[in-house]
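Asks: Encoded as structure tokens, here's the structure I'll be asking about.
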Amino acid sequence: MKMSRLGALDVTSIGLGSAPLGGLFTPVSDADAEATIARAWSAGIRFFDTAPLYGFGLAERRLGVFLRQQPRDSYVISTKVGRLLRAPDADATEDEHYKGTPRERPVFDFSHDGVMRSVEESLARLGLDRVDVLLVHDPDDHYDDAVAGAFRALQRLRSEGTVKAIGAGMNQSEMLVRFAEAVPVDCFLLAGRYTLLDQGALDALFPVCQAKHIGILLGGIYNSGVLADPRTGAKFNYQDADPALIARALELDELCRRHGTDLKAAALQFCIVHPAVTVAVMGARNAAEVADNIAMSEAAIPPAFWQELRARKLVDARAPLPGGV
């Protein structure tokens, strides 16, 4: 698999995102989780992204079970800070997004000490002695606390050599631009904001990241599902997609079909060709989805498809397309 450089780290250009392994939208069994991670490993994937939020510790534990069996220097793992998992005072109701999870629920804490506790607890769940990448997770309403507390802790850990790369993971690009200007970071995980349906990252984030050599870990490439299976009831950025978005996805799907290709292949290859993108972080809940993601990244797409996509102005004119179209 193609390798890329992320700060001081060598990473595979495709990574495994573990939110689905935490039961995102539907439960996942231990057996399916293990098979998913094993299939990713056998396909050559060596970048793994997780977070305490994903299944409220479940994804970290499941990744740890597999990765503890592998040579520690043979893979790169990222996790996130900003949420501590704590047992609620009363019985926990089922979460809106994560199903089949432990009882603990996340509590925001972007303080220096909270981040240090978060790292210690993540390592315990993973059963590892270190992680490689630490990201401040979803500090949308906590910018000041993130800069004064969380990033101060992350910079300390990086300077001590405890981690190799730091940054933030968010579902928006605007605050990431602010972080890029305020904090010396190595990477950002951007979810759902550079896809066939949303190229907002082109406005400011990608230019500043390229200028400052900040790597982009790109998640949400299928926008939570609507670019994988555009239909009524499909998800867009974790919510039910509205009819206008479904219509746009169906238009893209129809164009793909006329050119003998798959919408998922077009969505993935559109994203990874941008030079700002270091790793395409692809979620999967079973081994078949991992294999499909790999196949989509390698599928042959006729140049005529990209030419028509450009001619019909279905993507931002600034977006590079495969083949230099």
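Asks: For Leu176, indicate whether it is among the aliphatic types (A, V, I, L, M) and closer than 30 Å to Glu308 by Cα. Give the steps one after another, and end with the answer.
Replies: Numbers: among the aliphatic types (A, V, I, L, M): yes; closer than 30 Å to Glu308 by Cα: no.
Here the answer is no, as Leu176 does not meet what is asked.
Asks: Here is a further query. Return yes when Ile216 is part of a loop (DSSP other than H, G, I, E, B), crowded, with 22+ Cβ neighbours inside 10 Å, within 17 Å of the chain's Cα centre (by Cα) and β-branched (Val, Ile, Thr) and no when it is not. Before the answer, list the steps.
Replies: Details: part of a loop (DSSP other than H, G, I, E, B): no; crowded, with 22+ Cβ neighbours inside 10 Å: yes; within 17 Å of the chain's Cα centre (by Cα): yes; β-branched (Val, Ile, Thr): yes.
Judged against the criteria, Ile216 is not a match.
Asks: On to the next question. Please find, within segment 219-238, the residue that is nearest to Val133 (Cα to Cα) out of those that are out of contact with any strand residue (DSSP E or B) (no Cβ under 8 Å at 6 or more places or on another chain) and crowded, with 19+ Cβ neighbours inside 10 Å.
Replies: Tyr222
Asks: Please state which one of Glu60, Glu34, Glu104 is in contact (Cβ under 8 Å) with a residue 12 or more places away in the chain, among the acidic types (Asp, Glu), open to solvent by less than 50 Å² (accessible area, probe 1.4 Å) and over 23 Å from Ser4 (Cβ atoms). Let's see the steps before the verdict.
Replies: Working: Glu34 fails: open to solvent by less than 50 Å² (accessible area, probe 1.4 Å); Glu104 fails: open to solvent by less than 50 Å² (accessible area, probe 1.4 Å).
Only one candidate passes the filter, namely Glu60.
Asks: For segment 306-325, what are the residues that are part of a helix (DSSP H, G or I) and open to solvent by 60 Å² or more (accessible area, probe 1.4 Å)? Can you show your working first?
Replies: Going through segment 306-325, the residues part of a helix (DSSP H, G or I) turn out to be 306-311, 322-324.
If the condition is that a residue be part of a helix (DSSP H, G or I) and open to solvent by 60 Å² or more (accessible area, probe 1.4 Å), then Gln307, Arg310, Ala311, Gly323, Gly324 are the ones that fit.
Asks: Right, here's the next one. When you scan segment 242-257, do you find a residue that is in a loop (DSSP other than H, G, I, E, B), at pLDDT 95 or above and either over 26 Å from Leu9 (Cα atoms) or open to solvent by less than 10 Å² (accessible area, probe 1.4 Å) (or both), even just one? Steps first, answer last, please.
Replies: If we filter segment 242-257 for residues that are in a loop (DSSP other than H, G, I, E, B), which is where we start, we get 242.
Among the residues that remain, those that are also at pLDDT 95 or above are: none.
The answer is no, given that none of the residues of segment 242-257 is in a loop (DSSP other than H, G, I, E, B), at pLDDT 95 or above and either over 26 Å from Leu9 (Cα atoms) or open to solvent by less than 10 Å² (accessible area, probe 1.4 Å) (or both).
Asks: Residues of segment 1-21 being of a type in the set (A, V, I, L, M) and free of Cβ contacts under 8 Å to residues at least 60 places away in the same chain, which ones? Give the derivation first.
Replies: Of all residues in segment 1-21, those of a type in the set (A, V, I, L, M) come to 1, 3, 6, 8-9, 11, 14, 16, 19, 21.
Met1, Met3, listed by residue number.
Asks: Tell me, which residue of segment 25-50 that is assigned to a loop (DSSP other than H, G, I, E, B) and touching a helix residue (DSSP H, G or I) at 6+ places or on another chain (Cβ under 7 Å) is nearest to Arg83 (Cα to Cα)? Don't jump to the end; show me each part of the working.
Replies: Here is the first cut: in segment 25-50, the residues assigned to a loop (DSSP other than H, G, I, E, B) are 25-29, 43-46, 50.
When the remaining residues are screened for being touching a helix residue (DSSP H, G or I) at 6+ places or on another chain (Cβ under 7 Å), the result is 28, 43, 46, 50.
Numbers: Val28: 22, Ala43: 32, Arg46: 25, Thr50: 13 Å.
By that ranking, first place goes to Thr50.
Asks: While we're on this one: Would you call Ala284 open to solvent by 30 Å² or more (accessible area, probe 1.4 Å), small (Gly, Ala, Ser) and modelled with pLDDT of 95 or more? Walk me through it before giving the result.
Replies: Values: open to solvent by 30 Å² or more (accessible area, probe 1.4 Å): no; small (Gly, Ala, Ser): yes; modelled with pLDDT of 95 or more: yes.
Spelling it out, it is not the case that Ala284 is open to solvent by 30 Å² or more (accessible area, probe 1.4 Å), small (Gly, Ala, Ser) and modelled with pLDDT of 95 or more.
Asks: Looking at segment 32-45, is at least one residue among the basic types (Lys, Arg) and either in contact with a Lys or Arg (Cβ under 9 Å, 6 or more places away or on another chain) or within 23 Å of Arg130 (Cβ to Cβ) (or both)?
Replies: Step one: of segment 32-45, the residues among the basic types (Lys, Arg) are 39.
Still in the running and either in contact with a Lys or Arg (Cβ under 9 Å, 6 or more places away or on another chain) or within 23 Å of Arg130 (Cβ to Cβ) (or both): none.
No, segment 32-45 has no match at all.
Asks: How many of the residues in segment 102-129 are among the basic types (Lys, Arg) and within 19 Å of Ile37 (Cα to Cα)? Give the steps one after another, and end with the answer.
Replies: Initial filter on segment 102-129 (among the basic types (Lys, Arg)): 103, 105, 117, 125.
From what is left, the residues that are within 19 Å of Ile37 (Cα to Cα) are 125.
Selection size over segment 102-129: 1.
Asks: Can you spot a residue in segment 183-197 that is farther than 21 Å from Ser4 by Cα, of a type in the set (A, V, I, L, M, F, W, C), in contact (Cβ under 8 Å) with a residue 40 or more places away in the chain and surrounded by 18 or more Cβ atoms within 10 Å (Cβ to Cβ)?
Replies: Yes, segment 183-197 has at least one match.
Asks: Among the residues of segment 63-81, write down those that are part of a helix (DSSP H, G or I), without any contact (Cβ under 8 Å) to a residue 60 or more places away in the chain and of a type outside the set (Ser, Thr, Tyr). Don't jump to the end; show me each part of the working.
Replies: In the first step, residues of segment 63-81 are kept if they are part of a helix (DSSP H, G or I); the result is 63-67, 72-74.
When the remaining residues are screened for being without any contact (Cβ under 8 Å) to a residue 60 or more places away in the chain, the result is 66, 72-74.
Scanning segment 63-81 gives Phe66, Arg72, Asp73.
Asks: Could you tell me whether Ser224 is under 30 Å from Ala31 (Cα atoms), assigned to a helix (DSSP H, G or I), at pLDDT 95 or above and among the hydroxyl-bearing types (Ser, Thr, Tyr)? Even if it seems obvious, please write down each step before you answer.
Replies: On the way: under 30 Å from Ala31 (Cα atoms): yes; assigned to a helix (DSSP H, G or I): yes; at pLDDT 95 or above: no; among the hydroxyl-bearing types (Ser, Thr, Tyr): yes.
For Ser224, the condition - under 30 Å from Ala31 (Cα atoms), assigned to a helix (DSSP H, G or I), at pLDDT 95 or above and among the hydroxyl-bearing types (Ser, Thr, Tyr) - is not met.
The values are calculated or read from the model by the stated rules, or taken from the named source; none is laboratory data. Given the structure is predicted, the values throughout are model-derived calculations rather than measurements. Cβ atoms come from the backbone with ideal geometry, glycine included; neighbour counts cover every protein chain shown. Protein only, heavy atoms only, side chains kept; ligands, DNA and RNA dropped before computing areas. Shrake-Rupley method; radii C 1.70, N 1.55, O 1.52, S 1.80 Å.
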